[in-house]
Amino acid sequence: QVQLVESGGGLVQPGGSLRLSCAASGIIVNIYTVAWYRQAPGKQRELVATITGSDSSNYADSVKGRFTISRDNAKNTVYLQMNSLKPEDTAVYYCNAKRYYTVSLTTPDYWGQGTQVTVSS
């Protein structure tokens, strides 16, 4: 059974930092593409950052230069370091994992339960 458990969310002032964690069980994260998504109230879920099994990472334009996605294979955990946080970063952040056997052949999407990030003074 696959489980993704996010942690590290909370309330932070603008300009502050948080590090989110996505602890995985039932899969090996270094052979999966793991992504962080976020969803603000009344908005669609949006992709924030991804990291592939080959350590290639990509970011949404809105977080480039401020957020960093990384992976600890020994802990089977993926992180999202968020710096210079802005009020518009406020959202529930979700971890997602998917394995790509080919471009069109993949495992199902696995999701965590989400962790709330609130940026406010």
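Scanning segment 36-93 for residues that are hydroxyl-bearing (S, T, Y) and either under 18 Å from Q113 (Cα atoms) or open to solvent by less than 30 Å² (accessible area, probe 1.4 Å) (or both) returns Y37, T50, T77, Y79, T90, Y93.
Conditions tested, residue by residue: (1) on the phi > 0 side of the Ramachandran plot; (2) assigned to a strand (DSSP E or B); (3) at pLDDT below 95; (4) basic (K, R).
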| residue | (1), (2), (3), (4) |
| --- | --- |
| L47 | no, yes, no, no |
| D61 | no, no, no, no |
| S70 | no, yes, no, no |
| E88 | no, no, no, no |
| Y93 | no, yes, no, no |
| S104 | no, no, yes, no |
| P108 | no, no, yes, no |
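Each residue in segment 94-117 was checked for being of a type in the set (A, V, I, L, M) and surrounded by 21 or more Cβ atoms within 10 Å (Cβ to Cβ), and 2 pass. Kindly indicate whether G16 is touching a residue at least 24 places away in the same chain (Cβ under 8 Å), in contact with a Phe, Trp or Tyr (Cβ under 9 Å, 6 or more places away or on another chain) and either of a type in the set (G, A, S) or on the phi < 0 side of the Ramachandran plot (or both). Criteria not met by G16. Considered as a group, the residues in segment 21-45 that are assigned to a strand (DSSP E or B) and of a type in the set (G, A, S) include one that is farthest from T102 (Cα to Cα), and that residue is S21.
The values are calculated or read from the model by the stated rules, or taken from the named source; none is laboratory data. What you see is a predicted model; the values in this text were computed from it and never measured. Neighbour counts are summed over all protein chains in view; Cβ atoms, including those assigned to glycine, are modelled from backbone coordinates with ideal geometry. Only protein heavy atoms, including side chains, enter the accessible area calculation; ligands, DNA and RNA are left aside. Shrake-Rupley method; radii C 1.70, N 1.55, O 1.52, S 1.80 Å.
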